[in-house]
Structure formats: C-alpha cells, structure tokens
Amino acid sequence: MRVGFNPHKDKPQSASGYLHQVIIPVYIPNEEDYFKDSFKIFQLCLESVFSTVHSKTFITIVNNGSGYFVKEYLDELLKKNRIHEVIHNQNIGKLNAILKGLVGNTIELVTITDADVLFQPNWQRETTNVFQQLPKVGVVGIVPQFKMYESNCGNVLFDNFFNPNLKFLPVLNPSALIRFYDSIGWDRNYNQDYLEYNLGLEINKDFKVLIGSGHFVATYKKDIFEEIPSYLGYKLGGNSEKYLDGAPLKKGYWRVTTNDNYAYHMGNTYEEWMKTDTKQNYDGQFLSSNFNKNTSLISASYFIKNRLFIKFISIKWLVNLFLKWKKLPKEMIEKY
C-alpha cells in the first residue's frame, strides 16, 4: 500500500554542471596469460585520467564481466568519489557496455576510451579547442595514426576538396607514431613515408588538425547519440564498431585528430615507460561549452559524400592526382 505523495514526483531535474564525460568499458576476467598485466595497466589508465581532467568531468566505468578484484577496486574508487558512476554487468560486449554508459545524462562531450590508454597532459583542453575552432567536427581523436583519412572521412574530404588548407602536413611527433604501432604489435617495416607526412587541415600556423580518427580513444559530441540502439549483437567487432563510425556521418559531422599526440596505447603488457608522471594544473581555459549541434538526419548528401565520392577518389590514378594536388612530395606519391 502506498501512503502519501512522493516529494520527487513531477520535480524537474537540475543541471548537473558537468561538461565532459569519460566512459571506460573494462573486461579483465583474471590476471593470467593474456590478462597478466591488464589490471595494472587499467590502474595506470585511470590514474592518468584523474591527473589530466578538470573538475567538471564525469567519469563512468562499465565493468563488463571482470573478475571480483576489479569490482572491489571500482567500488572503492566510487566510495572515495574518484569516479562518479560504476556499472557492473556480465560480459555483454564492448559496445553494449558503452551504450549503457551513454544514457542518463546530457553532458555535451563524451570521451569513449579503451582501458589501456595512458592520457597525457592537456588532452582535454586540446580536444575542446578543436570543437570550438571547427563547429563541423563531431569526433576528435588524440592519437595520430597512419592514413586515417581513408576511413569514415568522405564528408570532410568532400567539404574541403577545393580548400587549399587541406594538405599533407609534416608529422609533428614521429616517435609517438612509432610507439603506437609498436604497441599493437607491428613490425617497423611499414612505409617510412607515413612517419613524414599526414593529411590535415591547416587553419593557421598555430592550429592544425589531422583528417580522420582511430577507434580506441576519441571524444564525441553527445547529440550524435540521440538515437541509441538497445543492443548490438557482437562482443567485439562485427557491426558494433560500425555504429560508432556511422553515427557521426549520419549527422554530417567531420572526424579529425589533434596534430600532436596526447595519449599512448599501452596494450596488455606492462613496460617501464608507462610509469610516468602525468599530473598537471588544468587552467580551465576552455571550460565553456555552447558547441554547435547538427540536427540533420541521413540524406542524399550522406550517400554522395560517403559512398559515391569515396568510390570515385579510390580509383588509383585519381588517388595519385589527389596526393599530388594536396602537396605530398612527388617522390612519395607512388608508394604512399
């Protein structure tokens, strides 16, 4: 039997005051074999987040079926107010875990990151700066990689095709590029020209971005996720990653990465270089929000830019013309 009137009924929610959410799904079932160092690496990841974000950052951890030792660790962090939300699940798949973290708030920016990312100072400030400088951007990565413009970038290439500021830029931090590909197990026999130039937008001498972004850490405008599927049928891969790739394109948003490197991928094996001091004094310079929101839905322009245009410029001789036009050094064009 209910007696009385619930005092919270029909009471509007007050604004949370948070400007940025960080979502980290984690799956560490044990500390053996492949997962031997994973818990230590996850702890380093979290400490790097704590040390590099401003006070208006909401941290969500989705425990996707990890061992009990991870649950205890996260519950203790929640008790100490070091994280703001912890969601414990059975293993429902990485993207389904991310979907759970996305709902229930209206925070304008959301960083989705793997549990083995080591964040570096100023990543949050630089990310926010990109959104403020380029209103058409919907996704910002912080780890430059090779030839990112070849994936999910039809709209930004189409929109800037005749823009002289779209051109190949000298790689700012080649040692970070090398470290990333070492971390995912690549031999160093890749094309060394990729360490020299990457396609980007040069807005002015002090502000440049690279075209495209990787998957393992990126920040999204929250309005991309206005329509969230209830379930994706893969634990990893399949059509699950296509959701994060396709949603920004359907809104007409560009996908870019900061020109410099602001995070490292650690992988599943601990190395001494990972134990670094990432503390900073965040100055709050870019705490203002008011980011542009794109209300467009999927339309004919989506297919023109992201299907037809991409097929057209994938023709080999047109690719070479494009590379030459966008100022890639002549001697690199044939093998780039």
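The values are calculated or read from the model by the stated rules, or taken from the named source; none is laboratory data. Computed from a prediction, not measured in an experiment: that's the story for all the values here. Glycine gets a Cβ as well: all are built from the backbone with ideal geometry, and neighbour counts include every protein chain shown.
Residue-wise test of (1) of a type outside the set (D, E); (2) without any contact (Cβ under 8 Å) to a residue 60 or more places away in the chain; (3) assigned to a helix (DSSP H, G or I); (4) closer than 30 Å to N204 by Cα.
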residue	(1), (2), (3), (4)
E76	no, yes, yes, no
V86	yes, yes, no, no
N91	yes, no, no, no
L95	yes, no, yes, no
L99	yes, no, yes, no
V110	yes, no, no, yes
P121	yes, no, no, yes
Q124	yes, no, yes, yes
N129	yes, no, yes, yes
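In the range 56-74 there is no residue that is part of a helix (DSSP H, G or I), charged (D, E, K, R) and either surrounded by 16 or more Cβ atoms within 10 Å (Cβ to Cβ) or at positive phi (or both). Listed by first and then second residue, the pairs with beta-carbon distance under 7 Å, at least 6 apart or on different chains, first residue in the range 299-328 and within 17 Å of D245 (Cα to Cα), second part of a helix (DSSP H, G or I) and of a type in the set (A, V, I, L, M, F, W, C), are Y302/L249; K305/F158; N306/L249.
Residues in the range 290-322 that are surrounded by 12 or more Cβ atoms within 10 Å (Cβ to Cβ), assigned to a loop (DSSP other than H, G, I, E, B) and modelled with pLDDT of 70 or more: 5 in all. The residue that is farthest from the chain's Cα centre (by Cα), counting only those in the range 167-189 that are exposed (fewer than 13 other Cβ atoms within 10 Å of the Cβ) and not β-branched (V, I, T), is N189.
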